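Engineer: Please see the structure below; I have some questions.
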Protein chains: 2
Amino acid sequence: MIYEDYAIFTPGPVKMSEEILAIGAKQTPYFRNTPFSDVTFACENGLLEMVNAPADSKVIFLTASGTAGMEAAVMNLLTKDDKALVVNGGGFGQRFVDICATHAVPHTDFKVKNTNLINIESLAPTDTHTALIVNAHETSVGHLYDLDAMGEYASCNNMLYIVDAISMLVTDPLDMRKSNIDVVIASSQKGFALPPGLTMLVLSPKAQNKLQDINSLYFNFKDYLKNGERGQTPYTPAVTIMLQLEARLKQIKERGGIEQSINNAKDIAAYFRQSIKTLPLKEYTPYMPNAMTTLTPTDGKSAMDIVNDMEEKYKVMVCPNGGPERELVFRVSHMGEMTREYTDILIDALHDYYAVTRS
Amino acid sequence: MIYEDYAIFTPGPVKMSEEILAIGAKQTPYFRNTPFSDVTFACENGLLEMVNAPADSKVIFLTASGTAGMEAAVMNLLTKDDKALVVNGGGFGQRFVDICATHAVPHTDFKVKNTNLINIESLAPTDTHTALIVNAHETSVGHLYDLDAMGEYASCNNMLYIVDAISMLVTDPLDMRKSNIDVVIASSQKGFALPPGLTMLVLSPKAQNKLQDINSLYFNFKDYLKNGERGQTPYTPAVTIMLQLEARLKQIKERGGIEQSINNAKDIAAYFRQSIKTLPLKEYTPYMPNAMTTLTPTDGKSAMDIVNDMEEKYKVMVCPNGGPERELVFRVSHMGEMTREYTDILIDALHDYYAVTRS
């Protein structure tokens, strides 16, 4: 197995707990029966509670990675009669723009920089839009938007509010009721710290009412909702990951609930950022989530070289920028089974690295 | 965990080996790097060899279940200018018909019954078709078609030959060169005996040349082929299942190659069928694959009752018919980590069941 003895700080896959990994070693059970329906219902109820979903919200479980969730949301919820305002602050915002273009959904490419959109009202174009689409955490650069401010704006302007929460759920606050969110997209391999391959969409009643009849079997949400009534999916689900999700939701609850998970990530992120303050590394954005820290070398070093050296010399995996700025920025995830002690592995490696390269 | 101490004879998920399960308990590694590209290449080469693919064939790895592979094949390879001949002998044939209809691909619903199509030439409609689509093993009823005969027919009539091999690869013979197959669809949770969530498509050069520009990100094969050149996928792959696939392909090879796997399944299937000959159970079709046995009670018993009793009284999982004939047929899989000894659990249960119900 590759990278078995490496410390992992990449923003997906992330460090997993022993309890969850143990389930990965169990025989995958048959699933077209009541015991597995109960697993699905437990996952659905746990997720709905975690995001404080409005009454009668439903969850769709896609066997697929996150982009499928983003694309399927647009396919099922928007048509040529809509006009989507797509927040584009990096690679994943651009992906939503591409998805709208691919599916002929009229949209505005709302390019943003150096703002968390707390004042979206004054920044957004003034023409009418029917939907607001945002990656709550633009993972390519580690930038978190203000979900409340955007939700108020969406609500005042009667827009369907679609939030890709893939890389901030579990580590950063998200409240569907408080922020008037209609759709939340989540994925298994980020804050949930499960293997990749399962994507979940929470649909509010408003979103459910807007579902279209679409030309797709695999992404047909109406079909998923119908099968979901009996705790099933139209096609083979990611059975093992669903079992791990059920256990993970229970684990989060037993450890003190979603607030505790968020507080832990907040503590780890603050600890990490404080611990490297003396190094020639600058925080890339003032709007970083708990999920991740993005750093820019201030001494002219290549960020990509740091990533490679961490891997080769210290057996520590951090991640280059997800976009064109690979030489300028690198990313450190605080998602998953993180502790201060585990984070020390990276902190020590970075301090040693600079001590050696300076000497 | 549900069904942990049950013997499993369902046609997906199937019995998995300890070696493969152990990988499921390993931390999922980061994958945007050379070590994981090498995993992808190993999987690709192993698959190409297994199906004896023509030179320059390529493999697409979709994070999705089998239906996504079926649908994506039609989306990427066929247009409104095509006309597909779709073999429809049950639930999965019908699914291909539905997929063609959904994507506005002209097609003939070629309903077949009680034939393995060895004489397809005389059975097929005489109008011109550009593609032949078949589920090599119609899993809903356990019916295997003759891939050679269909391949010769497709070749003579200049048709693109698309084979869903999901539930027969590894247990039953498939040779792309010998049978002139252009596309093979496979999935992780059948003969490969891995967790569900990974679907693979082998594309011959002829299929690659026919790829369309399609309105989809997640299913865009051209994008997958481009990323595949460096051993990567456009979106997060099912990393853990890919690592398990690499190990499984190696395992198959070490055990004597694909021929040994097929022979083992053939032996197990024959052993099972012979061992229950004295019971009031009839083979549903004369064209059963090694992968599965389908049985019909001849004493008026409900097949669904047998399935339920096996589960409740004997902790043995078999499977009802995948279609409307749940009361008439049940299914027993021989895919995965099967031995005669393991199969004895089911054989003994069936014999005991009939001894008890008769007395």
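Engineer: Would segment B:45-62 turn up any residue that is in contact with a Lys or Arg (Cβ under 7 Å, 6 or more places away or on another chain), more than 7 Å from chain A (Cβ to nearest Cβ) and assigned to a loop (DSSP other than H, G, I, E, B)? So that I can check it myself, show each step before the final result.
Structural biologist: Pass one, segment B:45-62, residues in contact with a Lys or Arg (Cβ under 7 Å, 6 or more places away or on another chain): B:52, B:54.
Narrowing the set further to residues that are more than 7 Å from chain A (Cβ to nearest Cβ) leaves B:52, B:54.
Now restrict to residues that are assigned to a loop (DSSP other than H, G, I, E, B): B:52, B:54.
Yes, segment B:45-62 has at least one match.
Engineer: Restricting the search to segment A:1-33, which residues are over 16 Å from B:ILE23 (Cβ atoms) and free of Cβ contacts under 8 Å to residues at least 60 places away in the same chain?
Structural biologist: Result: A:TYR30, A:ASN33.
Engineer: Quick one: what pairs do we get from segment A:279-293, first residue under 28 Å from A:ARG358 (Cα atoms), second surrounded by 21 or more Cβ atoms within 10 Å (Cβ to Cβ) and of a type in the set (Ser, Thr, Tyr), C-beta under 8 Å, 6+ apart or different chains?
Structural biologist: Matching pairs, first to second residue: A:GLU283/A:THR293; A:GLU283/A:THR294; A:TYR284/A:THR294; A:THR285/A:THR294; A:MET292/A:THR139; A:MET292/A:SER167; A:MET292/A:SER333.
Engineer: Only one of (1) surrounded by 21 or more Cβ atoms within 10 Å (Cβ to Cβ); (2) under 24 Å from the mean Cα position of the chain (by Cα) fails for A:LEU350. Which number is that?
Structural biologist: It fails just one condition, (2).
Engineer: Based on what the data block shows, is B:ASP148 open to solvent by 10 Å² or more (accessible area, probe 1.4 Å), more than 14 Å from chain A (Cβ to nearest Cβ), part of a loop (DSSP other than H, G, I, E, B) and touching a Ser or Thr at 6+ places or on another chain (Cβ under 9 Å)? It would help to see each step written out before you state the result.
Structural biologist: Numbers: open to solvent by 10 Å² or more (accessible area, probe 1.4 Å): yes; more than 14 Å from chain A (Cβ to nearest Cβ): yes; part of a loop (DSSP other than H, G, I, E, B): no; touching a Ser or Thr at 6+ places or on another chain (Cβ under 9 Å): yes.
It is false that B:ASP148 is open to solvent by 10 Å² or more (accessible area, probe 1.4 Å), more than 14 Å from chain A (Cβ to nearest Cβ), part of a loop (DSSP other than H, G, I, E, B) and touching a Ser or Thr at 6+ places or on another chain (Cβ under 9 Å).
Engineer: Additional query: Say we look at segment B:162-194 and pick out the residues that are polar (S, T, N, Q) and open to solvent by less than 10 Å² (accessible area, probe 1.4 Å); which of these is nearest to B:GLY151 (Cα to Cα)?
Structural biologist: Applying the filter and picking the extreme gives B:SER179.
Engineer: On to the next question. Can you find a residue in segment A:102-122 that is open to solvent by 20 Å² or more (accessible area, probe 1.4 Å), within 14 Å of chain B (Cβ to nearest Cβ) and not in a loop (DSSP other than H, G, I, E, B)?
Structural biologist: yes
Engineer: What single numbered condition from (1) more than 11 Å from every other protein chain (Cβ to nearest Cβ); (2) out of contact with any helix residue (DSSP H, G or I) (no Cβ under 6 Å at 6 or more places or on another chain) fails to hold for B:THR10?
Structural biologist: With respect to (1) more than 11 Å from every other protein chain (Cβ to nearest Cβ); (2) out of contact with any helix residue (DSSP H, G or I) (no Cβ under 6 Å at 6 or more places or on another chain), B:THR10 is out only on (1).
Engineer: How about segment B:13-35: which of its residues are open to solvent by 10 Å² or more (accessible area, probe 1.4 Å), in a loop (DSSP other than H, G, I, E, B) and facing another protein chain (nearest Cβ under 7 Å)?
Structural biologist: B:ALA25, B:LYS26, B:GLN27, B:TYR30
Engineer: Checking the structure you have, find out if any residue of segment A:82-99 is among the polar types (S, T, N, Q), within 14 Å of another protein chain (Cβ to nearest Cβ) and surrounded by fewer than 18 Cβ atoms within 10 Å (Cβ to Cβ). Quick ask: steps written out before the conclusion?
Structural biologist: Narrowing segment A:82-99 to residues among the polar types (S, T, N, Q): A:88, A:94.
Still in the running and within 14 Å of another protein chain (Cβ to nearest Cβ): A:94.
Checking the rest, the ones that are also surrounded by fewer than 18 Cβ atoms within 10 Å (Cβ to Cβ) come to none.
No, segment A:82-99 has no match at all.
Engineer: Applying the selection to segment A:302-332, what residues are surrounded by fewer than 18 Cβ atoms within 10 Å (Cβ to Cβ) and basic (Lys, Arg)?
Structural biologist: A:LYS313, A:LYS315, A:ARG326, listed by residue number.
Engineer: Output the number of residues of segment B:266-320 satisfying the condition of being acidic (Asp, Glu), in a helix (DSSP H, G or I) and within 25 Å of the chain's Cα centre (by Cα).
Structural biologist: Here is the first cut: in segment B:266-320, the ones acidic (Asp, Glu) are B:267, B:283, B:299, B:305, B:309, B:311-312.
Keeping just the survivors that are in a helix (DSSP H, G or I) gives B:267, B:305, B:309, B:311-312.
Narrowing the set further to residues that are within 25 Å of the chain's Cα centre (by Cα) leaves B:267, B:311.
Qualifying residue count, segment B:266-320: 2.
Engineer: Turning to a different aspect of this structure: Considering each of B:MET75, B:MET1 in turn, give the residue that is within 10 Å of chain A (Cβ to nearest Cβ) and part of a loop (DSSP other than H, G, I, E, B). Break it down into steps so the answer makes sense when it comes.
Structural biologist: Working: B:MET75 fails: part of a loop (DSSP other than H, G, I, E, B).
Unique residue meeting the criteria: B:MET1.
Engineer: Being of a type in the set (S, T, N, Q), out of contact with any Phe, Trp or Tyr (no Cβ under 6 Å at 6 or more places or on another chain) and in contact (Cβ under 8 Å) with a residue 24 or more places away in the chain is the filter here; which residues of segment B:116-138 pass it?
Structural biologist: Start the filter on segment B:116-138 by keeping residues that are of a type in the set (S, T, N, Q), which leaves B:116, B:119, B:122, B:126, B:128, B:130, B:135.
Now drop any that are not out of contact with any Phe, Trp or Tyr (no Cβ under 6 Å at 6 or more places or on another chain), which leaves B:119, B:122, B:126, B:128, B:130.
If the condition is that a residue be of a type in the set (S, T, N, Q), out of contact with any Phe, Trp or Tyr (no Cβ under 6 Å at 6 or more places or on another chain) and in contact (Cβ under 8 Å) with a residue 24 or more places away in the chain, then B:ASN119, B:THR128, B:THR130 are the ones that fit.
Engineer: Given the condition surrounded by 20 or more Cβ atoms within 10 Å (Cβ to Cβ), under 19 Å from the mean Cα position of the chain (by Cα) and of a type in the set (Phe, Trp, Tyr), answer yes or no: does some residue in segment A:235-256 qualify?
Structural biologist: no
Engineer: When you scan segment A:155-248 for strands (runs of 3 or more DSSP E) that lie fully inside it, which ones turn up with 2 or more residues that are within 14 Å of chain B (Cβ to nearest Cβ) and either more than 25 Å from B:GLY69 (Cα to Cα) or modelled with pLDDT of 95 or more (or both)? Show your work before the answer.
Structural biologist: On the way: elements: A:160-164, A:183-187, A:198-203.
The strands (runs of 3 or more DSSP E) meeting that bar are A:183-187, A:198-203.
Engineer: Moving on to the next point. Being of a type outside the set (Phe, Trp, Tyr), at pLDDT 95 or above and closer than 21 Å to B:ASN263 by Cα, is that true of even one residue in segment B:310-325?
Structural biologist: So far as segment B:310-325 goes, no, none of its residues is of a type outside the set (Phe, Trp, Tyr), at pLDDT 95 or above and closer than 21 Å to B:ASN263 by Cα.
Engineer: Hey, another quick one. Can A:ASP38 be described as touching a residue at least 12 places away in the same chain (Cβ under 8 Å) and open to solvent by 40 Å² or more (accessible area, probe 1.4 Å)? Walk me through how you get there before you give the answer.
Structural biologist: Numbers: touching a residue at least 12 places away in the same chain (Cβ under 8 Å): yes; open to solvent by 40 Å² or more (accessible area, probe 1.4 Å): yes.
It is true that A:ASP38 is touching a residue at least 12 places away in the same chain (Cβ under 8 Å) and open to solvent by 40 Å² or more (accessible area, probe 1.4 Å).
The values are calculated or read from the model by the stated rules, or taken from the named source; none is laboratory data. Everything numeric in this text was worked out from a predicted model, so none of it was measured. Cβ sites come from the backbone with ideal geometry, for glycine too, and all protein chains shown count toward neighbours. Side chains are part of the model used for accessible areas, which takes the heavy atoms of the whole protein and leaves out ligands, DNA and RNA. Shrake-Rupley method; radii C 1.70, N 1.55, O 1.52, S 1.80 Å.
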